[in-house]
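A short write-up of the structure that comes next.
The values are calculated or read from the model by the stated rules, or taken from the named source; none is laboratory data. Just so we're clear, the structure is a prediction, and the values are computed from it rather than from any experiment. Heads up, the Cβs are rebuilt from the backbone with ideal geometry, glycines too, and the neighbour counts pull from every protein chain shown. Ligands, DNA and RNA are stripped out before the accessible areas are found, and what is left, the full protein with its side chains, is counted by its heavy atoms. Shrake-Rupley method; radii C 1.70, N 1.55, O 1.52, S 1.80 Å.
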Amino acid sequence: MSGKPLAQDVWARAAAVTAARRYVEPGMTIGLGSGRAVFALADALTGAWPGEPPVRVAVASPVTEARARAAGLELIDLDDGVDLDLAVDGADEVDPQLNLLKGGGAALLREKLVIACARRVLIVAERSKYVERLGSVHPLPVEVVRFAWSTTRRRLLGLVPEATLRRQPSGAPVVTSEGHYLLDCRIPPGGLAELAAAVKSTLGVVEHGLFLHTADAVLLGRNDGTVEALQRPATSQGP
């Protein structure tokens, strides 16, 4: 078998190398979300600074934890004494204001918790994930408690036109790491901030996949190995 990387992985490796060079320094404590570029970053950090203080990482998913362990990175738990210098995560969609739609990997709740502990947030994604409006390609994942989930779905249908229970290929519902179900919802026209607030306040909802005013910078990798760097517009700063 050839050792040549698959074309679909070139963008991830390019974005990961750029992230490691521009944003990560020895001794940092960082959060890692999920996605191919995040996994590639874990690999890129292996032995990156011999003789320097190690990078410590908090992870948002069991898959990321396994990749970080395999890369020999020092793992830490998030607690009251931990502040992250940087959180690095992927995204299903990124809009021109660097708002994000996430949750395709079913780890959105943990990813939000990791991001909330970070001073800066860097998103690494494929260039094709850039869209003019969130929801253009992917549905909005909404994490809900399993008990009476169908009644939560009915309440959500007062806010969104569609809400479909995410299922595994076997037909069984997808269950998140925290034991919840996921409803994939079509985003209606209108303001995203208003939708996010309404969904979050719905009884039975745990969290949603809109990450608004969260990313400080985004690296978009292409399959030719180039990387486009974006900074959050000043007018999009959160409160």
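Evaluating GLN97 against the criteria (1) on the phi > 0 side of the Ramachandran plot; (2) touching a residue at least 12 places away in the same chain (Cβ under 8 Å); (3) open to solvent by 20 Å² or more (accessible area, probe 1.4 Å) leaves one unmet condition, (1).
Here LEU75 clears all of (1) open to solvent by 60 Å² or more (accessible area, probe 1.4 Å); (2) farther than 18 Å from ARG222 by Cα except the condition numbered (1). For segment 140-164, taking the residues that are over 14 Å from ASP184 (Cβ atoms) and not hydrophobic (A, V, I, L, M, F, W, C), the one that is most open to solvent (accessible area, probe 1.4 Å) is identified as ARG154.
Does ARG56 satisfy the criteria of being open to solvent by 20 Å² or more (accessible area, probe 1.4 Å) and at pLDDT 90 or above? Steps first, please.
Values: open to solvent by 20 Å² or more (accessible area, probe 1.4 Å): yes; at pLDDT 90 or above: yes.
So ARG56 fits the description; yes.
When you scan segment 120-139, do you find a residue that is of a type in the set (Asp, Glu), open to solvent by less than 30 Å² (accessible area, probe 1.4 Å) and either at pLDDT 95 or above or outside any strand (DSSP E or B) (or both), even just one? No; the residues of segment 120-139 include none that is of a type in the set (Asp, Glu), open to solvent by less than 30 Å² (accessible area, probe 1.4 Å) and either at pLDDT 95 or above or outside any strand (DSSP E or B) (or both). Can you name the residue in segment 198-239 that is surrounded by 14 or more Cβ atoms within 10 Å (Cβ to Cβ), out of contact with any helix residue (DSSP H, G or I) (no Cβ under 8 Å at 6 or more places or on another chain) and not in a loop (DSSP other than H, G, I, E, B) and, of all such residues, is modelled with the lowest pLDDT? Among those that are surrounded by 14 or more Cβ atoms within 10 Å (Cβ to Cβ), out of contact with any helix residue (DSSP H, G or I) (no Cβ under 8 Å at 6 or more places or on another chain) and not in a loop (DSSP other than H, G, I, E, B), it is SER236. Every condition in (1) open to solvent by 20 Å² or more (accessible area, probe 1.4 Å); (2) part of a helix (DSSP H, G or I); (3) hydroxyl-bearing (Ser, Thr, Tyr) holds for SER177 except the one numbered (2). Please indicate, with yes or no, whether at least one residue in segment 20-34 is modelled with pLDDT under 90, surrounded by 17 or more Cβ atoms within 10 Å (Cβ to Cβ) and of a type outside the set (Phe, Trp, Tyr). Yes. Would you mind stating whether VAL38 is under 26 Å from VAL137 (Cβ atoms) and either part of a helix (DSSP H, G or I) or open to solvent by 40 Å² or more (accessible area, probe 1.4 Å) (or both)? Yes: the conditions hold for VAL38. Please work out which one of (1) of a type outside the set (A, V, I, L, M); (2) at pLDDT below 90; (3) surrounded by fewer than 14 Cβ atoms within 10 Å (Cβ to Cβ); (4) closer than 29 Å to HIS138 by Cα is the condition LYS4 fails and give its number. The one condition LYS4 does not meet is (4).
Scoring GLY47 on the criteria (1) surrounded by fewer than 12 Cβ atoms within 10 Å (Cβ to Cβ); (2) more than 25 Å from GLY225 (Cα to Cα) leaves a single failure, condition (2).
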